[in-house]
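**Q** Below you will find the structure I want to go over with you.
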Amino acid sequence: MRKIFASLLVLALFAPAVAAAHDGPNISTARKISFPRLDDGRFVLAVDLHTHSVFSDGMVWPSVRVEEAKRDGLFALAVSEHLEYQPKAADIPNSDRNRSFQIAREAAVVKPDAMGADRSPLIVIPGSEITKIVQPPGHMNAVFITDANTLVKGTAEEQVTEANRQGAFVFWNHPYWHAETPSGVATLDKMHAEWMKRGLIQGIEVANGADMSDEAFKIALDNNLTILGTSDIHGLIDWEYDLEHGGHRTATLVLTKAETSDGLKTALIAGDTVAIYNDNLIGKKANVEAVVRSTLKMEVGEALPKTTVQGVSIINDSPVDYVLENVGAEGAYDEGHVFTVKSGSTFTLLIKNVPDPKKLSLTFKVLNTYVAPREHLVLTVKDTTP
């Protein structure tokens, strides 16, 4: 989806070396999308279900996608090559449309002598991108398929039906992409509405690479679709995202009871996801709240001597910064209404006029979350430490 330059193909041959050169010890930790378990015990697993390699119109070998995913702390990855668009076929013949997946799966095997990020396990999910030129039907990803070769021919409806027959999870890609939708506005057409009604499409991208769509988000909420964020990466992740300063790829957080492929698929079908885009968390209110509540904590400290000005620590255990607006009645003595709690850090506030610290709670609007188009999560926190 993003603009791609042909010159990247030559540079991509040296991708592992380039990635290593850009991935120093500080970046290595900051780039990982690693969330703690939810308060209810579920796991938060980061996945990217839309990427490309040289086996369609990407610029790198599938093994590079695996290395990037491991460096980013992903639990799972799909290298979803275009079925109808094979611009490199003259140089990289691709008669077996499963080959990209096979190479990536081999590369993901943890070797006995592996070091660094290569020691991290990674699930590689088989997938393909159904690629029709006009909108509708446009582009759709089918992941957890069993054989990409059977999806190559036919109408979009036949392809989507076959993918579902294989037990796939199917989602609508970038329905707002300006190349197919000049207005940039995602609109639910009759074709996709009918397929959703029949259960042939289960999810939709609300964020793709550098783009996000309020309209796609609304379509997701109105039709109970799984909300997804994907990188749709063609070049190098390290060239597209500001990893050095704590940035992360666009991806999906899956809230699941089991750290397994089956657990992941079950949670995707159930819609238990949050899209992560430009370090914003986007999803259904219950899902976004579960993630934020498990990573944003409050601890009551000491009051200033001979005052009711109370010290409070706001703790961020997530890999993203939280931008908070204090919307409650309690005012801060030493801070404005809006402040940022950096990833993995503690921010100390002095709250005015707190006669009983045990009863203190603070209400924040989390400005880098979205629970509906242009609507942020509002969360009340209190000290729950023993």
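The values are calculated or read from the model by the stated rules, or taken from the named source; none is laboratory data. The model shown is predicted, which means the values in this text are computed figures rather than measured ones. Heads up, the Cβs are rebuilt from the backbone with ideal geometry, glycines too, and the neighbour counts pull from every protein chain shown.
Residues are listed down the side, and each one gets a yes or a no for (1) among the acidic types (D, E); (2) within 18 Å of G138 (Cα to Cα); (3) outside the structural domain of K365 (by TED's automatic domain parsing); (4) over 16 Å from the mean Cα position of the chain (by Cα):
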| position | (1), (2), (3), (4) |
| --- | --- |
| D232 | yes, yes, yes, no |
| I237 | no, no, yes, no |
| G247 | no, no, yes, no |
| A258 | no, no, yes, yes |
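**Q** So which pairs qualify, if the first residue must be in region 88-110 and acidic (D, E), the second must be at pLDDT 95 or above and surrounded by fewer than 16 Cβ atoms within 10 Å (Cβ to Cβ), the Cβ gap must be under 7 Å, and the two must be at least 6 apart or on different chains?
**A** Listed pairs, sorted by first residue: D96/N149.
**Q** Now a separate question. Could you please let me know if A290 is of a type in the set (G, A, S) and outside the structural domain of V366 (by TED's automatic domain parsing)?
**A** yes
**Q** Another question, then. Report the residue count in region 142-178 for those that are part of a loop (DSSP other than H, G, I, E, B) and of a type in the set (D, E, K, R).
**A** Residues flagged as part of a loop (DSSP other than H, G, I, E, B) and of a type in the set (D, E, K, R) within region 142-178 amount to 2.
**Q** Working only within region 132-141, note down all residues that are modelled with pLDDT of 90 or more and either among the charged types (D, E, K, R) or part of a loop (DSSP other than H, G, I, E, B) (or both). Don't jump to the end; show me each part of the working.
**A** Going through region 132-141, the residues modelled with pLDDT of 90 or more turn out to be 132, 136-141.
Those that are modelled with pLDDT of 90 or more and either among the charged types (D, E, K, R) or part of a loop (DSSP other than H, G, I, E, B) (or both): K132, P136, P137, G138.
**Q** Report, by residue number, each residue of region 108-131 that is modelled with pLDDT of 95 or more and either in a loop (DSSP other than H, G, I, E, B) or out of contact with any strand residue (DSSP E or B) (no Cβ under 8 Å at 6 or more places or on another chain) (or both).
**A** Residues of region 108-131 that are modelled with pLDDT of 95 or more, as a first pass: 108-109, 122-131.
V109, L122, P126, listed by residue number.
**Q** Give the residue that is surrounded by the most Cβ atoms within 10 Å (Cβ to Cβ), with candidates limited to residues of region 50-82 that are among the charged types (D, E, K, R) and touching a Gly at 6+ places or on another chain (Cβ under 9 Å).
**A** Let us first name the residues in region 50-82 that are among the charged types (D, E, K, R), namely 57, 65, 67-68, 70-72, 81.
Within this subset, residues satisfying the condition of being touching a Gly at 6+ places or on another chain (Cβ under 9 Å) are 65, 70-71, 81.
Numbers: R65: 30, K70: 22, R71: 22, E81: 27.
Result: R65.
**Q** Can you run down the residue pairs with Cβ atoms below 6 Å, 6 or more apart or on separate chains, where the first is in region 186-204 and touching a residue at least 40 places away in the same chain (Cβ under 8 Å) and the partner is among the hydroxyl-bearing types (S, T, Y)?
**A** Listed by first residue and then by second, the contacts come to Q202/T226; G203/T226.
**Q** Are any residues in region 130-167 crowded, with 20+ Cβ neighbours inside 10 Å and either in contact with a Gly (Cβ under 7 Å, 6 or more places away or on another chain) or charged (D, E, K, R) (or both), and if so, which ones?
**A** Once the filter is applied, which keeps residues that are crowded, with 20+ Cβ neighbours inside 10 Å and either in contact with a Gly (Cβ under 7 Å, 6 or more places away or on another chain) or charged (D, E, K, R) (or both), region 130-167 yields N141, A142, V143, F144, I145.
**Q** Here's a follow-up. If I ask for residues that are closer than 19 Å to S95 by Cβ and touching a Lys or Arg at 6+ places or on another chain (Cβ under 7 Å), which ones from region 147-169 would you list?
**A** Those that are closer than 19 Å to S95 by Cβ and touching a Lys or Arg at 6+ places or on another chain (Cβ under 7 Å): A148, N149, V152.
**Q** In region 330-375, what count of residues is obtained for those that are free of Cβ contacts under 8 Å to residues at least 24 places away in the same chain and closer than 28 Å to N224 by Cβ?
**A** 1
**Q** M191 is checked against (1) assigned to a helix (DSSP H, G or I); (2) out of contact with any Pro (no Cβ under 9 Å at 6 or more places or on another chain); (3) surrounded by fewer than 18 Cβ atoms within 10 Å (Cβ to Cβ); (4) not aromatic (F, W, Y) and fails just one. What number does that condition carry?
**A** (2)
**Q** If you don't mind, there's one more thing I want to ask. If T226 passes every condition in (1) in contact with a helix residue (DSSP H, G or I) (Cβ under 7 Å, 6 or more places away or on another chain); (2) crowded, with 22+ Cβ neighbours inside 10 Å; (3) within 13 Å of E68 (Cα to Cα) but one, which one does it miss?
**A** Single failed check for T226: (3).
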